[in-house]
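The values are calculated or read from the model by the stated rules, or taken from the named source; none is laboratory data. None of the values given here were measured: they were computed from a predicted structure. Note: ideal-geometry Cβ built from the backbone for every residue, glycine included; neighbour counts use all protein chains shown. Each accessible area value is taken on the protein alone, full model and side chains, heavy atoms only, with ligands, DNA and RNA left out. Shrake-Rupley method; radii C 1.70, N 1.55, O 1.52, S 1.80 Å.
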Amino acid sequence: MSAAEFDLVLRAPRVVTAAGEVARCVAVRKGRVAAIEPLDAGLAGERTITLADDEVLLPGLVDTHVHVNEPGRTEWEGFASATRAAAAGGITTLIDMPLNSIPPTVDVAALETKRTAAAGQVHIDVGFWGGAIPGNVGELRALHDAGVFGFKCFLLHSGVDEFPHLSADELEEYLQVLAGFPALLLVHAEDSQAVARAPTAAGDRYADFLRSRPRGSENVAVAHVIEAARFTGARVHVLHLSSSDALPMLASARRDGVQVSVETCPHYLTFDAETIADGATQFKCCPPIREAANRELLWQGLGDGVIDLVVSDHSPCVPELKRLDIGDFGVAWGGIASVELSLPAVWTAARAHGYGLVDVVRWMAERPADVVGLRRKGRIALGGDAAFCVFAPAEAFLVDPTRLHHRHPLTPYAGRPLAGLVRATWLRGREVTGDTPRGALLSRGAA
Ligand SMILES: [Zn+2]
């Protein structure tokens with residue numbers, strides 16, 4: 001037995017804590033943060049690690065929007081590869097989306113199938129969203145009781161036939177049910193009719209693809225979700241906001257007390273439609289990446305606090321489905337796979353917009369943890385889980401897709417210069433190496 005009071009002590013010249021950025025010793029006992037003291041406090045750990053002068057200790061990030069796709073489409077991505085990639089990107093908790101796996105997570109049997117598939121494979125902590133589809137309103141309560149963090153629905157075709165979308169009437173009916181538990185409803189907010197009336201996406205021109213998913217389809221869907229939340233009193237969350245037009249009405253709804261939270265994704269904050277090459281279907285996602293001016297307004301929305309959080313929407317597929325051979329945006333799979341690059345991508349652009357690491361941690365750790373009710377995650381605080389990311393914010397690198405850990409190396413960030421390297425990731429006081437999976441499967445309320 002060692003006489004050390006703590007299992008691990010991390011000495012860091014810069015730590016992003018709930019109280020801002022400070023120099024601290026962070027001590028861990030039994031997987032939890034047991035002390036946060038000044039550097040000279042002399043805390044004794046069985047193991048002591050001193051961070052380099054160019055490193056900052058951040059809380060492990062929380063990514064509430066990841067499509068793992070296992071079982072059923074494991075050739076697209078799986079729990080081992082997705083969680084290894086997430087860990088390499090400083091993420092210590094992810095919540096898995098209910099669709100693209102088969103079965104989709106629309107009843108308790110499917111949730112158990114997913115948990116069984118994930119068990120023993122996960123390198124970080126993993127929770128699950130349930131799905132809200134036509135015909136499963138009677139399953140929602142049981143899924144909620146079984147520990148899903150909330151439910152996801154679409155308002156237009158989801159991209160996979162086994163996960164159909166809700167009609168306007170169904171959205172309201174489901175919200176009324178969810179308000180009673182209460183449970184959160186995540187909405188893919190693009191309007192089915194507005195997209196059906198837009199020009200169809202076909203061919204290799206990005207401008208044509210952009211016209212097929214107009215801002216108006218997002219705007220009308222977001223307005224609809226807000227009013228349904230206002231009427232039912234339910235809690236809603238707008239997924240992957242791309243149209244900056246929707247920001248004023250979201251701000252106004254929140255001032256009125258409507259319970260609505262909002263996320264956007266690193267790709268909407270990084271890229272712009274003007275510079276996406278024709279045929280470059282690795283950039284295809286829905287809603288689409290829009291103009292540079294739109295992107296700047298999304299940054300303003302983050303700064304104003306109207307957008308709560310930034311999550312990856314990691315949505316991989318086998319490379320053939322991106323159809324880079326013909327570059328046709330009409331037939332290519334819509335989804336961007338880059339979970340490992342979320343932090344450097346957001347940090348690179350955040351720094352250029354005058355934001356600091358405290359802001360990035362709020363968007364990518366604290367707020368996501370708050371929205372899903374993970375009380376011990378998302379911040380370095382006494383009693384919290386000892387989940388950390390050792391980040392070197394000034395280190396620049398070029399994205400080499402072959403060095404990424406997700407299953408298929410295709411990414412729109414290929415060759416892009418980014419700032420900020422994740423040097424290590426810690427979960428419950430142990431370094432995540434990608435060898436031994438030590439992540440836990442999470443249930444709502446239990447973490
Ligand atoms: Zn998604």
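Details
- Nearest-0.05 FRET efficiency for S443 and D40, computed from C-beta distance (R0 35 Å): 0.30
- The distance linking region 35-113 with region 332-370 is 14 Å (Cα centroid to Cα centroid, whole angstrom).
- For region 279-288, Karplus couplings with θ = phi - 60° (6.51, -1.76, 1.60), whole Hz, Gly/Pro x: x, 7, 6, 5, 8, 6, 8, 10, x, x
- Per-residue SASA remark: C285, around 10 Å² accessible (1.4 Å probe; ligands, DNA and RNA not included).
- Karplus-derived HN-Hα couplings along region 399-410 (A = 6.51, B = -1.76, C = 1.60, θ = phi - 60°), whole Hz, x at Gly and Pro: 5, 10, x, 5, 9, 7, 9, 6, 4, 10, x, 5
- Peptides 287-295, 156-164, 67-75, ordered by how many other C-beta atoms sit within 10 Å of their residues on average, highest first, read 67-75, 287-295, 156-164.
- Region 58-179: relative contact order in percent, alpha carbon pairs under 8 Å with at least 6 residues between: 22 percent
- Carbon and sulfur %, accessible surface of region 82-220 computed with the full protein complex present, 1.4 Å: 52 percent
- Modelled spin labels at R141 and A52, positioned 7 Å past Cα toward Cβ, are 5.7 nm from each other.
- Charges were assigned to the Cβ only: +1 to each Lys and Arg, -1 to each Asp and Glu. The resulting dipole of region 327-412 about its Cα centre is roughly 320 debye.
- Distance from the alpha carbon centroid of region 399-447 to that of region 11-25 works out to 22 angstrom.
- Placing unit charges on the Cβ atoms only, positive for Lys and Arg and negative for Asp and Glu, gives region 254-365 a dipole magnitude near 220 debye about its Cα centre.
- Rounded to the nearest whole angstrom, the semi-axes of the ellipsoid equivalent to region 297-447, taken from the Cα gyration tensor as √(5λ), stand at 27, 20, 17, largest first.
- Stretched out straight at 0.36 nm per residue, the stretch from L382 to A19 would grow longer than its current Cα-Cα span by 129.5 nm.
- Sequentially through region 125-141, phi angles give Karplus couplings (6.51, -1.76, 1.60; θ = phi - 60°) of 6, 10, x, 10, 8, x, x, 10, 10, x, x, 10, 4, x, 9, 5, 4 Hz, Gly and Pro residues having no value and appearing as x.
- For the pair V331 and R255, a Förster radius of 51 Å applied to the C-beta separation gives a FRET efficiency near 0.75, rounded to the nearest 0.05.
- Semi-axes of the equivalent ellipsoid for the chain, Cα gyration tensor, largest first, Å: 34, 24, 21
- DSSP beta bridges in the chain [antiparallel fraction, %, rounded to 5]: 45 percent
- GNM flexibility winner over the chain from F271, F388, F149 (Cα, springs under 10 Å): F271
- Note on E5 and R211: their simple-model spin labels are 6.9 nm apart, each label 7 Å out from Cα toward Cβ.
- Considering only alpha-carbon pairs that sit under 8 angstrom and 6 or more positions apart, the relative contact order computed for the chain is 21 percent.
- The chain, accessible area per residue, ligands and nucleic acids excluded (1.4 Å, Å²): 36 Å²
- Length released on extending from V108 to R423, taking residue separation times 0.36 nm less the Cα-Cα span: 109.6 nm
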